[in-house]
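Quick notes on the structure that follows.
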Amino acid sequence: MTDNAKHLRLLLIAAGLAAIGAVYGGTVFASHSFEAGVSGNTIPDNTHVRLDGLTLPAGGVLPLYDASPNFVSGHFLMRAPCDPDTHVPYVTVIAGHVDESAHGTYVDKMPLYYILHASTADSCVYHAHMPDPLNGGAPKITDVALVNLSGESVSFGPGDAADINVQRVLGSMSSAPYDEMKLPADLEHGNPVFDLNDENPDNDGLGFVHEE
């Protein structure tokens, strides 16, 4: 292939990629209706934290994500040890804003969806929406962390992990701070856990529509 032919081929490839970007650049591809998706010039951010081999002592805190001062929307995924009957994780997932000042801090337990078909007897998989305006939790999220409020040490096994996908920045705490305080020490053990696969429709959480 001559140099001119190679140059022409590269130009054609570049033109094709530019055309694809023009058509699909402003389109959001998402399967989670709760989440806002990518907007404008916002660049998605993903943080993956391996938990296998870690032990969180009673009262321990493991920070997972910090977007301060921006509060964000996105999706949370976790695999962690859980109660085999209630499917409540042994560690508590909290989200909100952790400020240098206690008076500027507000965190709450994150509502979780238990994913039966991806879980095992000893380790449960969860999805969550950040934030989840229908099912509760902190409405403005800059920080996500795990807190051990169980009273005993919790050890994570092989495959346990947490994954946070941020899709959009919603605002800044500097212009929209919390007007009340809630600290991790104010919370009790156990996230709200919803299950779309059991026989109890009252445990599906708000926002899910059953097809007749």
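The values are calculated or read from the model by the stated rules, or taken from the named source; none is laboratory data. From a predicted model like this one, the values you see are computed outputs, not experimental measurements. Cβ coordinates were reconstructed from backbone atoms using ideal geometry, including for glycine residues, and neighbour counts include every protein chain displayed.
Each row is one residue, and each column tells you yes or no for (1) among the β-branched types (Val, Ile, Thr); (2) touching a helix residue (DSSP H, G or I) at 6+ places or on another chain (Cβ under 9 Å).
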position	(1), (2)
THR47	yes, no
LEU56	no, no
HIS75	no, no
ASP85	no, no
VAL98	yes, yes
LEU116	no, no
Give the residue, chosen from SER150, SER175, that is within 17 Å of MET110 (Cα to Cα) and assigned to a loop (DSSP other than H, G, I, E, B). SER150
Quick check on the range 138-147: of everything there that is touching an Asp or Glu at 6+ places or on another chain (Cβ under 8 Å) and not in a strand (DSSP E or B), which residue is nearest to MET173 (Cα to Cα)? THR142
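Residues are listed down the side, and each one gets a yes or a no for (1) surrounded by fewer than 18 Cβ atoms within 10 Å (Cβ to Cβ); (2) closer than 16 Å to ALA128 by Cα; (3) under 18 Å from the mean Cα position of the chain (by Cα); (4) modelled with pLDDT of 95 or more:
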{"residue": "HIS7", "(1), (2), (3), (4)": "yes, no, no, no"}
{"residue": "THR42", "(1), (2), (3), (4)": "yes, no, yes, no"}
{"residue": "LEU56", "(1), (2), (3), (4)": "no, no, no, yes"}
{"residue": "GLY60", "(1), (2), (3), (4)": "yes, no, no, yes"}
{"residue": "LEU64", "(1), (2), (3), (4)": "no, yes, yes, yes"}
{"residue": "MET78", "(1), (2), (3), (4)": "no, yes, yes, yes"}
{"residue": "ASP85", "(1), (2), (3), (4)": "yes, no, no, no"}
{"residue": "VAL93", "(1), (2), (3), (4)": "no, yes, yes, yes"}
Selection from the range 128-137 of residues that are over 24 Å from GLU100 (Cα atoms) and assigned to a strand (DSSP E or B): ALA128, HIS129, ASP132, GLY136
Hey, any hits in the range 135-156 for a residue that's in contact with a Gly (Cβ under 6 Å, 6 or more places away or on another chain) and at pLDDT below 95? yes
Yes or no: ASN165 part of a loop (DSSP other than H, G, I, E, B), of a type outside the set (Asp, Glu) and either surrounded by fewer than 22 Cβ atoms within 10 Å (Cβ to Cβ) or in contact with a Pro (Cβ under 7 Å, 6 or more places away or on another chain) (or both)? no
Of all residues making up the range 174-204, the number that are closer than 14 Å to PRO131 by Cβ and over 17 Å from the mean Cα position of the chain (by Cα): 2
Filter the range 115-148 down to residues that are closer than 17 Å to ASP83 by Cβ, surrounded by 23 or more Cβ atoms within 10 Å (Cβ to Cβ) and within 14 Å of the chain's Cα centre (by Cα), then give me how many there are. 2
Verdict on SER175 being free of Cβ contacts under 8 Å to residues at least 24 places away in the same chain and either outside the structural domain of GLY104 (by TED's automatic domain parsing) or hydroxyl-bearing (Ser, Thr, Tyr) (or both): yes
